[in-house]
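For reference, the structure discussed in these notes is given below.
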Amino acid sequence: MQKIFFSTLIALFCIGGASAQDNSAADEKNDNKRFEVSKQLDIFNALVKEMEMFYVDSIDIQRAIRRGIDAMLKGLDPYTEYIPESEMGEFKYLTTGEYGGIGAYIRSRGIGTVITEPFEKMPAALAGLKAGDVILAVDTVDTSDMPSDKVSELLKGVPNTKMTIKVQRPGEKKPRKFDIIRKQVIVDQVVYYGAYEGDVGYIYLKGFTDKSAQEVKAAFDDLKQNYGIKSLILDLRDNGGGLLESAVQIVNFFVPKGKEVVSIKGKIRQTDRTYRTYNDPIDTVIPLAILINGNTASASEIVSGSLQDMDRAVLVGQRSFGKGLVQSTRDLPYDGKLKITMSKYYIPSGRCIQKLDYSHRNADGSVAVIPDSLTSVFHTANGRSVRDGDGIRPDFEMKEEKMPTMLYYLFADRDYIVFDYVNDWVAKNKTVPTIDEFVYSDDDYAQFKNYLIEKKFDYDRQSGNVLKNLEEVAEYEGYSESDTTIFNALEERLKPDLNRDLDKFEKEIRRLISAEIIKRYYYQRGELMQNLKDDETLHKAIGVLKDSDLYSSTLKPAAASQIAVNNQ
């Protein structure tokens, strides 16, 4: 017995010694880190002082330091950023959807700062300002040569304060003046909601602010009480995310209290947290469909992914963006903030959907997608297989629409070609029918084609640029002489042909112009409603919800083979 006691005592001393050595090594490692941080800060401080004192030309220290900060943070990930005091207003707008101003998008172009989109029921629209108006002055300040960010500062201010804006409207000789009272501009996150085919509810949510959940609830309550809906579509396409807490609240509407929605885990264990539903739900049985696409990211992936993991909703659309990183803010001196990636989030199945691995960059600094061989299979509540590392994959995958190069040049506002055309069209058409009745006519499209010809609209085709590069490579490798006939034939076929492409892509162009026109009369809500008229993803979701057998079988493991058939 005594022998056993001494053996145990010796073992404990050995373990204790090993533990002490481990702690000592850890302490030494931490000391080295702290010394390295202090050392590098000393070097940076000395470098700035020497540069400011001895560099041959004067240096804008604020701009130089900001470039250094931005470059340092850019090497981490796209979401970690420095927010100085001067930009806190914009940061607050992103998290609350509120600011004091006139309620309009503006943009700089060659002729000055232009109003591109007034918001519905906001001061700019109520006063009569329109898209295309060039801002000449705000009160007594001439803004003719002022960049749009400076004009924006003049337009924003304390709610209920008055200002006078002078604008030049296209097609008019004399400027106009508008007296406007600033107000607290609140940008609705639920852009539109309504019912389709009688009893299928639809809600489009464009972002997650601190008011998104209450907007979704209000829309859902109205749809149930006044439209009698029996199923619901939540559209999260092109929703880049926002506040995590808002996502948890929205999930809570449709699942019981106490359910795990998402957990966040990072370097500092004290900040790890699991978010659960904490309120009584509003409806746990209504059939749900979530629409997602490649621009569905972050908080919108938490909503769609957690509802998929709980087998509470079917997902329709394209694979989501794949942002599984969580940012928090840290206070900095002089009222700035650091928005920093502190953790990753994991949805109920245990998977993290982060697509890009920023911690292991390629030799050229680029970021690689996590390879399939390093992803894992997880399972939903009902046992369906799902994977991590590559966004959220929908249960019904729809073919992604490709935008031809020509449409990019038409609608990217490089020359404001469509923007100006729509301004002219609206000036000639003071009113339009309801959104349901509106049709962009054949005569209108014929006039648009003539308008492009008159404006000498031109565009590049990527295929032609690739062919040119191929010719150069072939010449370098000594193959061009024998293959000139092939290259010449391809070059002829790939030459831009305006009339041909306007006919080839007529459907897509007419759809985009129609939405732009409707937006001038019915704002963002109208633009969305116009685009939904022939939305295949929406119609697919309606079909799934209308087919109760398909809906229920999709949420069961045995439906896997059937889903594959449906996706063909």
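The values are calculated or read from the model by the stated rules, or taken from the named source; none is laboratory data. Values in this document were obtained by computation on a predicted structure and should not be read as measured data. For neighbour counting, all protein chains shown are included, and Cβ atoms are generated from backbone atoms with ideal geometry for every residue, glycine included. The area values use the complete protein model at the heavy-atom level, side chains included, leaving out ligands, DNA and RNA. Shrake-Rupley method; radii C 1.70, N 1.55, O 1.52, S 1.80 Å.
Only beta bridges with both residues in the stretch 224-318 are counted; by DSSP, about 35 percent of them are antiparallel. Computed per residue of the chain from DSSP H runs no shorter than four, each worth -39500 (n - 2.57), the mean residue ellipticity at 222 nm is -13500 deg cm²/dmol. Can you give me the Cα centroid spacing of the stretch 331-398 and the stretch 415-433 in angstrom? Here the two parts' Cα centres lie 43 Å apart.
Charge tally for Asp311 (other residues, Cβ to Cβ under 9 Å; Lys, Arg +1; Asp, Glu -1): +2.
Ignoring any ligand, DNA or RNA, what whole percent of the accessible area of the chain comes from carbon and sulfur when the probe is 1.4 angstrom? That share works out to 52 percent.
Applied to the stretch 187-200, the Karplus parametrisation 6.51 cos²θ - 1.76 cosθ + 1.60 on θ = phi - 60° returns per-residue 3J(HN,Hα) values of 8, 5, 8, 8, 5, 7, 9, x, 10, 10, 6, x, 10, 9 Hz, with x for Gly and Pro.
Think of the chain as having a plus end and a minus end, set by charges on the Cβ of Lys, Arg, Asp and Glu; of Met51, Ser320, Met122, Met122 sits farthest toward the positive end of this dipole. Principal-axis analysis of the Cα atoms of the chain puts helix 2-54 at an angle of about 40° to the longest axis.
Rolling a 1.4 Å probe over the heavy atoms of the protein chains gives the chain an accessible area of 57 Å² per residue.
If you wrap a convex hull around the C-alpha atoms of the chain and split its volume per residue, what is the figure in Å³?
Numbers: hull volume 161.1 nm³, N = 568.
Taking the convex hull of the Cα positions in the chain, it is 284 Å³ per residue.
Taking the Cα centre of each part, how many Å lie between the stretch 225-304 and the stretch 163-210? About 26 Å separates the Cα centre of the stretch 225-304 from the one of the stretch 163-210.
Angle of helix 61-74 to the longest C-alpha principal axis of the chain, folded into 0 to 90 degrees and rounded to 10: 70°. Of the beta bridges in the chain, as assigned by DSSP with both residues counted there, near 75 percent are antiparallel.
Per-residue packing, averaged as other Cβ atoms within 10 Å, sorts the ranges 354-364, 223-233, 297-307 into the order 297-307, 223-233, 354-364, beginning with the highest. Between Val185 and Tyr99, Gly100, Gly101, the built amide H atoms are under 5 Å apart, and every one of these is 5 or more places off in sequence or on another chain.
Mind checking the dipole of the chain: about its Cα centre, +1 per Lys or Arg Cβ, -1 per Asp or Glu Cβ, Debye to the nearest 20?
Here the chain has a charge dipole of around 1640 debye.
Taken about its Cα centre, the stretch 334-466 carries a charge dipole of roughly 680 debye when the Cβ of each Lys and Arg holds +1 and the Cβ of each Asp and Glu holds -1.
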